[in-house]
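Engineer: Pasting a structure here, questions to come.
The values are calculated or read from the model by the stated rules, or taken from the named source; none is laboratory data. Every value quoted in this text rests on a predicted model; they were computed, and no experiment measured them. Cβ placement follows ideal geometry from the backbone for every residue including glycine, while neighbour counts extend to all protein chains displayed. Just the protein is used for accessible areas: all its heavy atoms, side chains included, with ligands, DNA and RNA removed. Shrake-Rupley method; radii C 1.70, N 1.55, O 1.52, S 1.80 Å.
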Amino acid sequence: MKKLLFIIGIAATIVACKPAQEPKEEAFQLPAVEDIAMYQVNPRVFAPQNSLNAVAQRIDSIRELGVNMMWVMPIYPIGIEKGKNSPYCISDYKAIAPEFGTNDDFKNLVATCHEHGMGIILDWVANHTAWDHPWVKEHPDWYTHDEKTDTIIHPRPWDWYDVADLNYDNADMRHAMIDAMKYWIVDMGIDGFRCDVADGVPADFWKEAIDTLRQAAGNRRIVMLAEGKRIDNFTVGGFDMNYGWDYKDVLVKVFKGASVEELFKADKAEYDSLPAGKVKMRFTTNHDHATEAAPCVQFTNDRGAMAAYVATIFPHGGALIYGSQEVGYPEPINFFKYVPVDWTAKPEIYKEYKELIDLYNDHSALRKGVMTPYVDKDVMVFEKADTEDKFLVMVNVRNKPSEVTIPEAWVGHEVEDEMTSKKLTLEKSLTLQPFEYLILNVGH
């Protein structure tokens with residue numbers, strides 16, 4: 001009995017002396033859809049080869065902008081037959097092009113994003129494949145055919161001659177497509193997809209795909225972004241976000257002289273029919289628009305580009321920043337080839353984007369509060385409010401001084417400009433300098 005008590009005593013001492021285990025880090029959690037601030041990665045501005053590693057190496061600079069979601073453009077093998085070196089011309093849905101790296105490189109990027117509190121989604125091209133994708137020879141019935149010649153056609157009405165149009169009347173093709181999408185969710189650990197030409201693919205396919213992917217993800221949430229603007233992206237397909245194409249088009253017109261009232265009309269049109277909890281992704285550029293002109297050219301100069309960004313992300317959230325935008329890259333970017341970007345250029349522009357996205361993150365009112373517009377021809381004026389904060393945002397959309405009438409309810413109020421910390425008392429009117437903006441905290 002003494003021997004047994006002695007053994008028990010030693011065991012108790014060992015347990016008592018065992019150092020306490022460090023608390024486990026909480027598993028990465030995706031931000032709510034309404035809280036997403038997204039960074040688009042075009043691998044071809046990061047490095048000519050092994051660009052996935054180059055992106056991972058820049059993770060601190062990307063994360064410090066305040067973004068919490070990374071969207072990576074297509075990294076799959078690119079078709080050669082009739083090809084133009086477009087990453088949207090895919091010859092294998094379950095592989096990575098050597099130009100970009102390896103499976104291990106991509107898994108490392110996924111892990112790096114998660115370690116830094118960022119989700120990561122991949123571009124998915126479901127509308128078409130490369131002409132040398134194995135499906136073309138193995139399953140020609142999976143493609144759309146010309147009625148007269150019975151030959152596979154490119155997507156109509158576009159002039160995308162480098163790709164072959166998929167036939168969504170074919171159930172086997174649908175199942176193969178969903179199987180390929182599951183691979184990246186289950187085996188590679190991504191957090192969802194940005195779906196290219198989503199409006200060119202039937203909404204009932206997206207519902208089938210998204211339901212299957214969410215089931216395959218188990219306890220993990222995924223985010224699905226449609227490159228489209230149809231309402232059935234949401235009501236049928238089950239997407240979380242789609243594109244604010246119309247808002248961007250009107251934004252350009254307003255900065256070229258149209259009345260600010262047109263921008264509020266575009267905002268209202270996009271959000272009036274939007275189901276609860278869904279979001280329009282808003283942007284001043286992306287990989288498509290960057291092929292035409294950089295924001296600092298499309299909106300006249302760097303100040304115009306920053307004013308346009310304020311007018312874009314604060315009315316209703318859904319913020320996107322395109323990699324290279326944060327350093328004010330001034331030239332068009334052709335994503336069919338490598339374009340070197342100087343990441344040390346214009347640190348003042350990087351700092352300003354960071355401050356704006358920090359405000360976006362820190363104040364729910366600026367992301368998703370109730371928006372009240374005030375009509376003015378040359379200055380965009382709107383209030384954003386929730387139960388915590390109330391802001392008055394004013395953006396001069398002209399490259400000249402513009403006088404704006406202050407909303408009557410705010411005349412006489414002392415406010416603080418969130419960007420400069422300067423305090424002022426609002427009079428009946430205010431003159432803003434060319435492309436000047438103010439984000440005023442007016443309290444409650």
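Engineer: Mind telling me which of Thr405, Thr387, Thr212 comes out most flexible in a GNM of the chain, alpha-carbon contacts under 10 Å?
Structural biologist: Of the options given, Thr387 has the highest mean-square fluctuation.
Engineer: Mind checking the range 82-149 for GluC sites (Glu not before Pro) that DSSP puts in a loop (not H, G, I, E or B) and that have at most 16 other Cβ atoms within 10 Å? Please list the in-between numbers first.
Structural biologist: On the way: sites: Glu99, Glu115, Glu138, Glu147; in loops: Glu99, Glu147.
Listed in order of number, the matching sites are Glu147.
Engineer: To continue, here is another question. Using a 7 Å offset from the Cα along the Cα-to-Cβ direction at both Asp150 and Val236, what is the distance between the two label points in nm, to one decimal?
Structural biologist: Between Asp150 and Val236, the simple spin-label model gives 3.0 nm.
Engineer: Give me the dipole magnitude in Debye, nearest 20, for the range 276-378 about the Cα centre, with unit charges on the beta carbon: positive for Lys and Arg, negative for Asp and Glu.
Structural biologist: Working: 11 positive and 13 negative charges, 88 e Å.
Roughly 420 debye, rounded to the nearest 20.
Engineer: Can you pull the Rg over Rh of the range 196-322, Cα-only, Kirkwood? Spell out each step's value before the answer.
Structural biologist: Details: Rg = 15.9 Å, Rh = 15.6 Å.
For the range 196-322, the value is 1.02.
Engineer: Which one of Ala27, Ala37, Ala176 has the biggest mean-square fluctuation once the chain is modelled by GNM with Cα springs under 10 Å?
Structural biologist: It is Ala27.
Engineer: Amide H of Thr129: which non-local residues (sequence gap of 5 or more, or other chain) have their own amide H closer than 5 Å, using H built in the peptide plane?
Structural biologist: Result for Thr129 returns Ala164, Leu166.
Engineer: With springs only between Cα atoms under 10 Å, which of Gly237, Gly200, Gly277 fluctuates most in a Gaussian network model of the chain?
Structural biologist: Gly277
Engineer: Further question: Sequence gap at least 6, Cα distance under 8 Å: using those rules, report the relative contact order of the chain to the nearest whole percent.
Structural biologist: On the way: 874 pairs, mean separation 58.0, N = 444.
Averaging sequence separation for qualifying contacts and normalising by length gives 13 percent for the chain.
Engineer: Now a separate question. Taking the square root of 5 times each eigenvalue of the Cα gyration tensor, what semi-axes in Å does the equivalent ellipsoid of the chain have, largest first?
Structural biologist: Values: eigenvalues 303, 243, 88 Å².
The three semi-axes for the chain are 39, 35, 21 Å.
Engineer: Give the calculated FRET efficiency between Lys94 and Ser429 to the nearest 0.05, with a Förster radius of 56 Å applied to their Cβ-Cβ distance. Mind showing how you got there, number by number?
Structural biologist: Working: r = 61 Å, r/R0 = 1.09.
Efficiency, rounded to the nearest 0.05: 0.35.
Engineer: Please compute the modelled spin-label separation between Ala32 and Asn85, points set 7 Å along Cα→Cβ, answer in nm with one decimal.
Structural biologist: Placing both labels 7 Å along Cα→Cβ, they lie 4.5 nm apart.
Engineer: Taking the Cβ-Cβ separation of Asp249 and Thr372 as r and a Förster radius of 30 Å, what is the calculated FRET efficiency to the nearest 0.05?
Structural biologist: On the way: r = 24 Å, r/R0 = 0.79.
The calculated FRET efficiency here is 0.80.
Engineer: A follow-up question, please. Over the range 268-325, what lengths in whole Å, largest first, do the semi-axes of the equivalent ellipsoid take, defined as the square roots of 5 times the eigenvalues of the alpha-carbon gyration tensor? Don't skip to the answer; put the middle values down first.
Structural biologist: On the way: eigenvalues 111, 30, 17 Å².
Output for the range 268-325: semi-axes of 24, 12, 9 Å.
Engineer: List every DSSP H helix in the chain whose Cα atoms extend 24 Å or more along the helix's own long axis and whose mean Kyte-Doolittle hydropathy is at least 1.0. Can you show the working numbers first?
Structural biologist: Details: long enough: none.
Helix filter hits for the chain: none.
Engineer: Continuing with the same structure: Could you do me a favour and compute the accessible area per residue for the chain, 1.4 Å probe, result in Å²? Display every interim value, and only then the final one.
Structural biologist: Values: 19680 Å² over 444 residues.
I get 44 Å² per residue for the chain.
Engineer: May I ask you to list the lysines whose Cα is less than 19 Å away from that of Lys268, ignoring any residue fewer than eight positions away on the same chain?
Structural biologist: Leaving aside lysines fewer than 8 places away in the same chain, those within reach of Lys268 are Lys229, Lys248, Lys253, Lys278, Lys280, Lys368, Lys377, Lys384.
Engineer: Still on this model: Obtain the nm distance between the two label points defined at Lys137 and Ala171 by a simple spin-label model: each point lies 7 Å from its Cα along the Cα-to-C-beta direction.
Structural biologist: Rounded to a tenth, the inter-label distance reads 2.9 nm.
Engineer: If I stretch the segment between Lys354 and Trp158 completely, what's the gain in nm (0.36 nm per residue apart, minus their alpha carbon distance), one decimal?
Structural biologist: Working: separation 196, 0.36 × 196 = 70.56 nm, distance 3.74 nm.
Additional length available on full extension: 66.8 nm.
Engineer: Per DSSP H run of at least 4 residues, take -39500 (n - 2.57); add these up for the chain, divide by its residues and hand me the 222 nm value, nearest 500 deg cm²/dmol.
Structural biologist: -9500 deg cm²/dmol
Engineer: Among Ala171, Ala226, Phe28, whose Cα lies farthest out toward the positive end of the dipole of the chain, if unit charges sit on the beta carbon of Lys, Arg (+1) and Asp, Glu (-1)?
Structural biologist: Phe28
Engineer: Going through the range 214-319, which GluC sites (Glu not before Pro) have at most 12 other Cβ atoms within 10 Å and a DSSP loop state?
Structural biologist: In loop regions of the range 214-319 (DSSP not H, G, I, E or B), the sparsely surrounded GluC sites (Glu not before Pro) are Glu292.
Engineer: Within the range 308-380, which trypsin sites (Lys or Arg not before Pro) sit in a loop by DSSP and count at most 16 neighbouring Cβ atoms inside 10 Å?
Structural biologist: Details: sites: Lys337, Lys351, Lys354, Arg367, Lys368, Lys377; in loops: Lys337, Lys377.
Hits after loop and neighbour filter: Lys337, Lys377.
Engineer: What net charge do the residues around Leu52 carry, taking every other residue with its C-beta under 12 Å from that of Leu52, with Lys and Arg at +1 and Asp and Glu at -1?
Structural biologist: Details: positive: Arg44, Arg58, Lys107; negative: Glu99, Asp104, Asp105.
That sum, taken over residues with Cβ under 12 Å, equals 0.
Engineer: If we count chymotrypsin sites (Phe, Trp or Tyr not before Pro) as exposed when they sit in a DSSP loop and have at most 14 other beta carbons within 10 Å, what is the longest stretch of the chain that avoids them all?
Structural biologist: 162-444
Engineer: Would you mind telling me the antiparallel percentage of the DSSP bridges in the chain, rounded to 5?
Structural biologist: On the way: 32 of 58 bridges.
Here the antiparallel bridges make up roughly 55 percent for the chain.
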